[in-house]
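Here, each number is a calculation from the coordinates, and none is a lab measurement. Just so we're clear, the structure is a prediction, and the values are computed from it rather than from any experiment. Using ideal geometry, Cβ is built from the backbone for each residue, glycine included, and neighbour counts are taken over all protein chains shown.
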Amino acid sequence: MRLFKLPFKNKKNHDSFESTIPIDNIPKHIAIIMDGNGRWAQKRGLPRVAGHQEGMDNVKRIVKAANYFKAEILTLYAFSTENWKRPTKEVEYIMKLPIDFLQHYLPELIAENVRVQTIGEVNDLPKNTKAAIMRAIDQTANNTGLILNIAINYGSRFEMIRSIKDICREVVDGKYEIDDITEATLGEHLYTSHIKDPDLLIRTSGELRLSNFLLWQAAYTELWFTDTLWPDFSFEEFEKAINDFQKRKRRYGGI
């Protein structure tokens, strides 16, 4: 059994970790619902936006951890279609975070061979937010390592309705007969048509629900929940989730 031996350096507290979990059977696609930023701030008597900033800083650490474990895809639920209901000032602050994150971290993403992609209605984002994201996508397009897949302005039910409408138009245009439509047909029209379904979905903060995230794609995904708030979600917990995944038997409805 091969084990990870190289140290993982955590820039937050300058500690260095060495994983002892097997290098085999690492989930290729890991999705994370990054929940608990606001509660993290409130527990410390800080404004909610401070939690979002700390949460964004933790994205850097977990991207490095995913790279360390040689995952192929890391999908992060950054902003849902329902999040527009939050107070205007909070939404405006959240929309500035990708700009700041990519401005300061993009050179490191490029150096680490990370490729930035998105799922969601990016065209409906504020102009500057969209521009920063598109610039990151363009400048990392030739990278061949970890795909950092940012789910922003994303909602799974909207995604499925959008896909069904596209298929209906193609039926009207004669591309499909109704009886030709399969699960694969729908999958080809989802935002995630270019990537495999997640193997492991992690949710932080103690909530036990999917919150309209990858509902179709997560049909056979292994779920892992933790009470830890996202800004405190560490390399050790990430390792624990992967280790738990490795112990599970994925039968996909079989025996």
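Rg/Rh, computed from the Cα trace of the chain with Rh as the Kirkwood radius, has the value 0.97.
Residue separation of GLU108 and THR88 scaled by 0.36 nm, minus their Cα-Cα distance, works out to 4.1 nm of gained length. Charged side chains reduced to their Cβ positions (Lys and Arg at +1, Asp and Glu at -1) give the chain a dipole of some 720 debye around its Cα centre. In plain terms, the residue of TRP230, TRP224, TRP216 with the fewest other Cβ atoms within 10 Å comes first and the most crowded comes last, giving TRP216, TRP224, TRP230. For the pairs LYS28/LYS175; LYS28/LYS247; LYS89/LYS196; LYS43/LYS89, flag any whose C-alpha to C-alpha distance is greater than 27 Å. Too far apart for the 27 Å limit: LYS28/LYS175; LYS89/LYS196. At an R0 of 30 angstrom, the distance between the Cβ atoms of LEU208 and ASP138 translates into a FRET efficiency of 0.20. With the convex hull constructed from alpha-carbon coordinates only, the range 125-255 shows a mean projected area of 11.6 nm² over all directions.
Select from VAL172, VAL63, VAL122 the residue whose mean-square fluctuation is largest in a Gaussian network model of the chain (Cα-Cα springs shorter than 10 Å). With Cα springs under 10 Å in the chain, the top fluctuation among VAL172, VAL63, VAL122 is at VAL172.
In plain terms, the residue of MET95, MET34 with the fewest other Cβ atoms within 10 Å comes first and the most crowded comes last, giving MET95, MET34. The calculated FRET efficiency for the pair GLU183 and GLU72, based on their C-beta separation and a Förster distance of 22 Å, comes to about 0.50. Taken as Cα centroids, the range 152-220 and the range 75-108 sit 23 Å apart, rounded to the nearest whole angstrom. Of all DSSP beta bridges confined to the chain, the antiparallel ones make up roughly 15%.
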